[in-house]
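Notes to accompany the following structure.
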Amino acid sequence: MKTLIKNIKELCMVDRDLKPRIMGKEMAKMETIKNAYLIVEDDRIADFGEMGALKEQSFDKEVDATGRMVFPSFCDSHTHLVYAGSREIEYIDKIRGLSYDEIAKRGGGILNSAKRVQEASEDQLYEDAMMRLQQMIGFGTGAVEIKSGYGMTTEAEMKMLRVIRRLKEDSPLTIKATLLGAHGIPMEYRGRQEKFVDLVIDEMIPQAAAEGLADYIDVFCDEGFFTCEDTERMLEAGIKHGMRPKIHANEMACSGGIQVAVKYNALSCDHLEFTGDEEIACLLGSETMPTVLPGAAFFLNMQHAPVRKMMDAGLGVAMSSDCNPGSSPSPNMQLILSMACVNYRMLPEEAFNATTMNSAYAMGVSDKLGSIAKGKVANFYITKPISTYEYMPYAYGENKVEKVFLNGKEQ
Ligand code: NIG
Ligand code: FE
């Protein structure tokens, strides 16, 4: 199957040198081709260039993109997409002044979702998550990492991971699964947290590995949650079972999580509201992608991660939705683009690099996704007629995506 997308007003995020991630000052650059064509063969990008250079050949399908732009699909490298119910009651508590931490201490927050996930059937979780994936596709996302973490028991964690496995099989999205056994401390383990850590190490990690259910291992390493020592123990066990770390860190405090992530060669460390010079120095020269979650900082009204400082120091930065019922109930990566520009003062080019190439790296798929490059998987979207690519973050709240292609197929 050979498809031509022709008369593209501007083809964005063109990538000729296949770098695995974009660092520092390079983040402000984005190559584009005006009045372009894009050729898709089966599930891959076969060619692209200026319309004037298009050679005479036959196609099975042609799409005229006059007035429209083409972007590589967003890669959403941090989500908690499998969950049951919603938590708008806590949202009201937050408006009334309770902090995320206070809600968690009262058994709300993550434990509230855990109770619902434990009670939900695997089929129900699957159907709800599939519906959210469909929504994501409509907003332009082409790859998504999904965490467990609302189980809190081995049984419920495995149930979540099996749901993610089914989603991987059935959805056209590229999906990676992460075991987040240590997301919160169940009430019955309060005061003897190390026993819960033992459960993660002795049961959850080996079982997930035996069934091949998890690509990555995550821990909520932060003040009030899991300590650096707890985290190190769990990451070591995960690594032994072939799971690379990808952790939650420095959302509540400068808790040492970033240093732990780098020490264990994590693929990413995520949130990072509390990141100082020491943490930035530690990340430099590492393979760990700092990943900022603007939706969670917005929704919880938190201080913002020092993204400009990170980029000035030479780091690459990724951004993802963190889609979850407690701190970021939206799967819309176009909103993340707008938040990147408004709240973190990123240039549109920096925001595109953060939500495509660098977030592809942060979920281990940048060799085949995240940019318009020959040989990469043909996951991209065609916009509605728009004036400039800057319009994408500018017109926040509006869905600018008209057509979506995943694995070379129109959705
Ligand atoms: O990434 N910070 C920890 N975990 C999630 C929140 C999950 C929840 O509140 O349900 C996050 O924001
Ligand atoms: Fe998260």
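The values are calculated or read from the model by the stated rules, or taken from the named source; none is laboratory data. Only a predicted model underlies this, so the values are computations on that prediction, with no experimental measurement involved. Using ideal geometry, Cβ is built from the backbone for each residue, glycine included, and neighbour counts are taken over all protein chains shown.
Remarks
- Every listed requirement among (1) within 13 Å of ligand 2 (Cβ to nearest atom); (2) within 16 Å of Arg345 (Cα to Cα) is met by Ala318 save one, (1).
- Cys75, sole failed condition from (1) surrounded by fewer than 19 Cβ atoms within 10 Å (Cβ to Cβ); (2) at pLDDT 95 or above; (3) within 16 Å of ligand 2 (Cβ to nearest atom): (1)
- Taking region 281-312 as the range and being away from ligand 1 (no atom under 16 Å from the Cβ), part of a helix (DSSP H, G or I) and either buried (at least 16 other Cβ atoms within 10 Å of the Cβ) or basic (Lys, Arg) (or both) as the test, the residues that pass are Cys282, Leu283, Val307, Arg308, Lys309, Met310, Met311.
- Selection within region 321-359: residues that are of a type in the set (S, T, N, Q) and under 25 Å from Glu287 (Cβ atoms). The member of this set that is farthest from ligand 2 (Cβ to nearest atom) is Asn353.
- Just one of the listed residues (Gly364, Gly375) is part of a loop (DSSP other than H, G, I, E, B) and farther than 25 Å from Glu62 by Cβ, and it is Gly364.
- For region 236-255, filtering for residues that are buried (at least 19 other Cβ atoms within 10 Å of the Cβ) and under 19 Å from Glu279 (Cα atoms) leaves 9.
- Selection count, region 166-196, where residues are out of contact with any strand residue (DSSP E or B) (no Cβ under 7 Å at 6 or more places or on another chain), assigned to a helix (DSSP H, G or I) and within 29 Å of Ser359 (Cβ to Cβ): 3
- Restricting attention to region 78-111, the residues that are within 16 Å of ligand 2 (Cβ to nearest atom), touching a residue at least 40 places away in the same chain (Cβ under 8 Å) and not in a loop (DSSP other than H, G, I, E, B) add up to 8.
Residues are listed down the side, and each one gets a yes or a no for (1) more than 19 Å from Met392 (Cβ to Cβ); (2) surrounded by 20 or more Cβ atoms within 10 Å (Cβ to Cβ):
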{"site": "Leu18", "(1), (2)": "yes, no"}
{"site": "Ala28", "(1), (2)": "no, no"}
{"site": "Glu62", "(1), (2)": "yes, no"}
{"site": "Phe71", "(1), (2)": "no, yes"}
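- Among the residues of region 313-331, those that are surrounded by 23 or more Cβ atoms within 10 Å (Cβ to Cβ) and either under 14 Å from Thr356 (Cα atoms) or within 12 Å of ligand 1 (Cβ to nearest atom) (or both) comprise Gly316, Val317, Ala318, Met319, Ser320, Ser321, Asp322, Cys323, Asn324, Gly326, Ser327, Ser328.
- Meets criteria (under 18 Å from the mean Cα position of the chain (by Cα) and more than 15 Å from ligand 2 (Cβ to nearest atom)) for Lys168: yes
- Test for Gly212: is it at pLDDT below 95, closer than 20 Å to Lys159 by Cβ and assigned to a loop (DSSP other than H, G, I, E, B): no
- Residue count for region 310-349, restricted to those that are farther than 22 Å from Asp218 by Cα and of a type outside the set (A, V, I, L, M): 11
- Within region 270-280, restricting attention to residues that are of a type in the set (A, V, I, L, M, F, W, C) and within 15 Å of ligand 1 (Cβ to nearest atom), the residue that is surrounded by the fewest Cβ atoms within 10 Å (Cβ to Cβ) is Phe274.
- Within region 121-152, the set of residues being out of contact with any strand residue (DSSP E or B) (no Cβ under 8 Å at 6 or more places or on another chain) and either in contact (Cβ under 8 Å) with a residue 24 or more places away in the chain or buried (at least 22 other Cβ atoms within 10 Å of the Cβ) (or both) comprises Glu122, Gln124, Leu125, Tyr126, Asp128, Met130, Arg132, Gln135, Tyr150, Met152.
- Residue count for region 67-87, restricted to those that are over 25 Å from Ala318 (Cβ atoms) and away from ligand 1 (no atom under 13 Å from the Cβ): 2
- Of the residues in region 200-209, at least one is surrounded by fewer than 16 Cβ atoms within 10 Å (Cβ to Cβ) and at pLDDT 95 or above.
- Test: Glu398 is among the acidic types (Asp, Glu) and assigned to a loop (DSSP other than H, G, I, E, B): yes
- Of the criteria (1) of a type in the set (Gly, Ala, Ser); (2) out of contact with any Phe, Trp or Tyr (no Cβ under 9 Å at 6 or more places or on another chain); (3) modelled with pLDDT of 95 or more, which one Gly97 fails: (3)
- Pairs with Cβ under 8 Å, 6+ apart, first in region 224-243 and on the phi > 0 side of the Ramachandran plot, second part of a loop (DSSP other than H, G, I, E, B): Gly224/Met252
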